[in-house]
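Colleague: Could you have a look at this structure, given as C-alpha cells, before my questions?
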Amino acid sequence: MLAWILSWSLVAGTPGPLIPPVPPRALSPLWQAPPGRQPLSPWSPNLNLIPQPENASQNETSVAQSGFRLVAAWNDYRGDSGVTVGVAFSRTAGTSWSPNQFPLENSPFPEEGDPVVAFAGGDTVYLVGIAFDRDEGVGDIVMSRSLDGGQTWGPVENLTQTPYDFDDKCWITAYHDTLLVVYASFGSSWGIHLLVSTDAGETWQGPYLVNWSGNGAIPRMDAQGRLYVLWGLDSPSSGAYTDGIWLKVSEDLGQSFGPLKWVANLTPDTLLPWRAPALPAFQVDRDSGYLYVAYTHLEGDSSRVYFKRSLDGGESFEARVAVAPNEPGHQIFPALAIDAEHRVHLFYLRVRPQEPEWLVSAWHVVSEDYGLTWSTPTLVSDTEATPAWDAFIGDYMEATANAGFVGLVWPQRGPFSDDVWFSRQVLDTVPPGVIVAYDFAGDTVNPSDTLWIRLAYPDPGDVAVVHLLLVDSLGLFVDSLMEIVGPETLVTWVPGARRDTLGPFRILAVVHDIAWNAGTDTGAAFHLVTTGVQEPRVSLPAPGVRFWPNPFGQVLYGTGVQVPVEVWDPQGRLVARLMPQNGRFRWAGRGFNGRLLPPGVYILRQPGHPGVRVLKLR
C-alpha cells in the first residue's frame, strides 16, 4: 500500500508522507566530539533525557511548558518493533527530569512517531502523534492526555480512523478547553485537515479541509479567537517540495477559511546526508497579534535560516531577515518561542562539514524588537558531534519560553547514539544566579487582590532576589514583582491581568541567591508563605491596558492604550507624555526634553482612570 502511495505521488508530482525511516541494525562506531561550548555561555549544562543511553537513536523533539512544569516527547527507537514515542516530565523548571515513559505504545498500529505535546492549563497536557503500519502504508492520528503534568497518561485515542489513508505530520495547539489538531492525509482524503474540540477533547468537530495539498502544518490562535494554519512543503503550481510556505485564516474555528496567502519561497536543503525537509516554525504573539515564521532556505551550496513577520494578521509579510551569519555549512530545523517580555527566541541546528564528518550543534538568537533585528548567535550545545545514525536525524525540534527562562529540547549525539538533550537560559528579566523554583498550585489567587506575602530567607548575613510571577491556567505570564529579601520581608502586591486571561491563577517564586556568585548556594532553604488575600485597595489602569517589561531598560512597550499615557516621577513632576498609535506605543525612557531620564521608579497614569502603574527604569 505504501509503495502504491509513493509511486502515485511521483507520477502526480505531489509529495507523499514523511514517515520516520527504519534504522540500521548496527549504528556507526562511537565518535568522540571535541569540546564546543564557550566558557561564558549563558546556557545551562546540557541534560540528557535518556537515562540509560543505548545504541539506538532518538529524534523529532517536542516540548511544552506550564509554569515550571515541562513535558518533552521524541521519536524513540530503543524498542524491538521500530519506533515509538518517548516522554519525560520535569516539575523543577528543567533542572531534573523523570524516567522515560511510552504513552502511545498501545496504539492500534505497530509503530508511532511525529510527537507534539501541548499544555492546556495547569497540569493538563496532551500528546499527539502518528500511529502507522509502514508495510501496509496506512496510519492514523492518535492522542493521549495527562492530568498530572505528565506523570501518568490515559489510554490512546484514535482521532482519525481512516482505514485507507496515511495520516501524517500532526500538530496540536491547546488554549484552555479548545484543542486544534492539524495533519496531512495521503490516500482517499488528500490534503491538510483540521480537527477542533471545544470541550477538552471529549468531542471533536471536523475534519475540516484546510488545503488540498501540503504537509507540516501548524495551527495557532490569537487572543480574539482567529485561527491561523501555516504550512510548508507545498507549491500549488508544481506540487513539489519546493517554493512555498502558505497560510490560511479562519474566523470560525475552521468551519471556513479565507483565501490562500503566500508567506515565503523556500528550497529544502538536499545536500546533507540525511533528509532535511524545510518544515517552518510558526508562532503568534497573543498580545500583539503579530505572526512570526522561521524557515530554512537552500541557496547555492549552503542553507540559512530566515525570519519573516506579519503585523496585520497575515494580510502581508515583511521582507525576510537572515538571523545568523552566512557561514559555511547548513542551518536547519528552526524553532520559535516567545517569552513573557515579547522577545522572540529562535533556535536552529548548525551542520558544519569537516571531512569526513558532519558536525551538528544547537544555536540560539533572540530579538528584542519583534523580529526586526537579532542578537549574535550563542552556542546551546555543550559539544558538536556527527550523528550516530547518518541517514535520519528527524524533521523538526521545538523550544519553549515562559516563567523566567527559555529552553530547547533537541536531538544530538550522546555517548552511544543520538539522544535527547535539554538546556535552558534564565531570562534577563531577573538577575543572574541560582534559580530555585516554587510552584504553589494549591494556593490560587485572583488579579487585583491585595496579597500580603511573607518572604523568609534563613541566612541573616545574606540576601536574595525573589521574582514573583503570576501565571494563568495555561502557565502563561500575567504579571510580576521583584523584591530583595533578607531574614524576613513582608511584601504587599496587587497583581494585574489582561481581560483575555483565564484562571485559576497561581504564584510562582523564582529565587536568585546572590551568594551563589561568590561560590556558595544556600537558596534551597528559602520558603514563601502567602499570609492573606483581601479586597483590592488599589485600582489598576484602564481594562485591557498592558505595559512591559517591568523593570525596563531600553524600551517600554504598551498595548490596549486608547488615550495618552502620562509619566510622573516620585516628586510628582510630569516628565513625559506617551501618544499611542493604533492602541500601542514604544517609549525609550526619554523626557520632554529628549534626554534619557535617570534610573528610578516612575508612575504611569491615564487621564480619566483612577489607577496607576509603577514602573522601574533601569
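We did not get these values from a lab; they are worked out from the coordinates using the rules stated. Model, not experiment: these values are computed from the prediction. No Cβ is skipped: glycine too gets one built from the backbone with ideal geometry, and neighbour counts run over all protein chains shown.
Colleague: What is the Cα radius of gyration of region 298-428 over 2.2 N^0.38 Å, N being its residue count?
Modeller: It is 1.09.
Colleague: Which order, highest average first, do 217-227, 350-360 follow once you tally other Cβ atoms within 10 Å for each residue and take the mean per peptide?
Modeller: Result, highest mean Cβ count within 10 Å first: 217-227, 350-360.
Colleague: Could you give the nm distance between label points at residue 568 and residue 588, where each point is 7 Å from its Cα heading toward the beta carbon?
Modeller: 2.7 nm
Colleague: 5 Å is the cut-off here: which amide hydrogens, built 1.01 Å from N in the peptide plane, fall below it relative to residue 264, excluding neighbours closer than 5 in sequence?
Modeller: 245
Colleague: Between residue 315 and residue 555, how high is the FRET efficiency from 1/(1 + (r/R0)^6) when r is the Cβ-Cβ distance and R₀ = 35 Å? Nearest 0.05.
Modeller: Computed FRET efficiency for residue 315 and residue 555: 0.85.
Colleague: Right, something else. Using a 10 Å cut-off on Cβ atoms, rank the peptides 314-323, 365-374, 59-68 from the highest mean neighbour count down.
Modeller: 59-68, 365-374, 314-323
Colleague: For residue 224 and residue 200 in one chain, what is 0.36 nm times their gap in residues minus the Cα-Cα distance, to one decimal in nm?
Modeller: Stretched fully, the residue 224-residue 200 segment lengthens by 6.7 nm.
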